[in-house]
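Written below as structure tokens is the structure these notes are about.
The values are calculated or read from the model by the stated rules, or taken from the named source; none is laboratory data. Owing to the predicted nature of the structure, the values given are computational and were not obtained by experimental measurement. Because the Cβ atoms are built from the backbone with ideal geometry, glycine has one as well, and the counts that use them run over all protein chains shown. Areas reflect the complete protein model, heavy atoms only, side chains present, ligands, DNA and RNA absent. Shrake-Rupley method; radii C 1.70, N 1.55, O 1.52, S 1.80 Å.
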Amino acid sequence: MKELQEKILKEGTALNETVLKVDGFLNHQVDPLLMQKIGEEFANYFEDRGITKVFTIESSGIAPAVMAIKLDVPMVILKKQQSKILNGEVYQTKVTSFTKGTSYELTLSKKYIDKDDKILLIDDFLANGEAAQGGIRLIEEAGATVSGIGIVIEKSFQPGRKKLDDRGFDVYSLARISRLAEGVIEFVEEA
Ligand code: 5GP
């Protein structure tokens, strides 16, 4: 998505070879018009998949996910809990955070998923694929189907994309970064 690439080049900061900071429009302050276009792009790409729910991971996936309005389905936020909840009302799985290096329990109430659900999973970044794979585990544990994965910014030089491709998921990333270095942001050349 050209507009997103331009925004990343203009306002993003590569802190080092692995971390991109986009606090000005996605992770801290949010650009609503850009989020609307991102949501539309996801909705258009996945519109014929019979999606019944959009899932995202708190907190930076929420803005792009809620903007997939055209799909006209509920959006569910997978919560990051500090510790296990010991009751039968939730699904939980441990995920290691890419940016913080700590882990959390990704949590989903059983009320908001059904085995017939076809789910579009949306997140802000794809790096090692830990968060996305955590979401997939919860969806699959409930017996539901992951019908697509939408990523705002994929760092294609990290292993997450390959892991999801190898499992046969349809991953649609709106910006694909091939290289980061201090002050350098390069994108994958799209054919
Ligand atoms: P993964 O689980 O794929 O290793 O990392 C994805 C998660 O880590 C995303 O949900 C995002 O919150 C965070 N993340 C990974 N890489 C970056 C990055 O370069 N910049 C920012 N701001 N967040 C990132």
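So the values come out like this:
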quantity	calculated
³J(HN,Hα), Karplus 6.51/-1.76/1.60, whole Hz, each residue of the stretch 32-38, x for Gly, Pro	x, 5, 5, 4, 4, 5, 5
Kirkwood Rh (inverse of mean 1/r, distinct Cα pairs), the stretch 1-64, angstrom	13.1
Antiparallel bridge percentage (DSSP; both residues within the stretch 1-108; nearest 5)	75
Accessible area (Å², per residue) of the chain, counting only protein heavy atoms and a probe of 1.4 Å	51
Contact order normalised by residue count of the stretch 1-63, Cα under 8 Å, 6+ apart, percent	23
Once exposed loop GluC sites (Glu not before Pro) are cut out (DSSP; at most 14 other Cβ, 10 Å), longest piece of the chain	90-181
Under 17 Å from the Cα of residue 53 - lysines, other chains or at least 8 residues apart	70, 79, 110, 111, 115, 118
Charge dipole (debye, nearest 20) of the chain; +1 at Cβ of Lys and Arg, -1 at Cβ of Asp and Glu	540
Percent carbon-and-sulfur accessible area, the chain, ignoring ligands, DNA and RNA, probe 1.4 Å	48
Qualifying trypsin sites (Lys or Arg not before Pro) for the stretch 1-85 [loop in DSSP, other Cβ within 10 Å: at most 11]	84
DSSP-defined antiparallel bridges as percent of all bridges, the chain, nearest 5	40
Longest to shortest principal axis, alpha-carbon extents of the chain, angstrom	48, 36, 33
